[in-house]
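Right, one structure below, let's go through it.
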Amino acid sequence: LLLLVLLSLAFAVHAFLLQRSGLPIFGDRILAAYGINYFLAVLIYATLFLLRKRMTAQLGFIYMGGSFVKFIFFFIFFYPYYKLDGDLSSLEFAAFFTPYVLSLIAETSGVINFLKN
């Protein structure tokens with residue numbers, strides 16, 4: 001729920017800044033980027049949470065594997081689209097990596113919290 005609120009607020013700010021700059025709000029697959037990053041972060045967090053007691057020693061590797069899966073999604077679903085014109089623009093970069101970084105931070109802090117307990 002916290003991640004949903006965080007990414008929703010980030011999207012609202014992101015869309016506001018794009019609109020204010022006269023740029024298309026829904027360009028660069030921004031909705032897909034926020035949605036996929038949300039879905040993958042929830043999936044990774046839930047997996048880690050469910051395995052926290054049975055596979056404690058391997059949680060770090062599973063966490064890194066989840067980050068690897070996110071990069072695979074980027075390179076399969078976003079990178080080819082972004083490179084169609086031969087250049088990865090800063091707007092395209094921000095469209096994917098803003099939700100990526102925010103979900104990574106939320107995911108990491110959530111994992112830290114349940115590992116402390």
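The values are calculated or read from the model by the stated rules, or taken from the named source; none is laboratory data. All values derive from a computational prediction rather than experimental measurement. Every residue, glycine as well, gets a Cβ built from its backbone with ideal geometry; the counts of neighbours run over all protein chains shown. For the accessible areas, the whole protein counts, side chains as well, though only heavy atoms, and no ligand, DNA or RNA atoms are used. Shrake-Rupley method; radii C 1.70, N 1.55, O 1.52, S 1.80 Å.
See the values below:
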{"read-out": "Top-ranked residue of region 86-101 - restricted to ones that are without any contact (Cβ under 8 Å) to a residue 40 or more places away in the chain and of a type in the set (Phe, Trp, Tyr), ranked as nearest to Leu7 (Cα to Cα)", "value": "Phe97"}
{"read-out": "Residue list for region 19-39, filter: without any contact (Cβ under 8 Å) to a residue 24 or more places away in the chain and not in a loop (DSSP other than H, G, I, E, B)", "value": "Gln19, Arg20, Leu31, Gly35, Phe39"}
{"read-out": "Among the residues listed as Gly27, Gly65, the single one being within 19 Å of Leu104 (Cβ to Cβ) and among the small types (Gly, Ala, Ser)", "value": "Gly65"}
{"read-out": "Selection count, region 1-17, where residues are surrounded by 11 or more Cβ atoms within 10 Å (Cβ to Cβ) and in contact (Cβ under 8 Å) with a residue 40 or more places away in the chain", "value": "6"}
{"read-out": "Helices (runs of 4 or more DSSP H) within region 40-117 that include 1 or more residues open to solvent by 80 Å² or more (accessible area, probe 1.4 Å) and modelled with pLDDT of 90 or more", "value": "59-73, 90-116"}
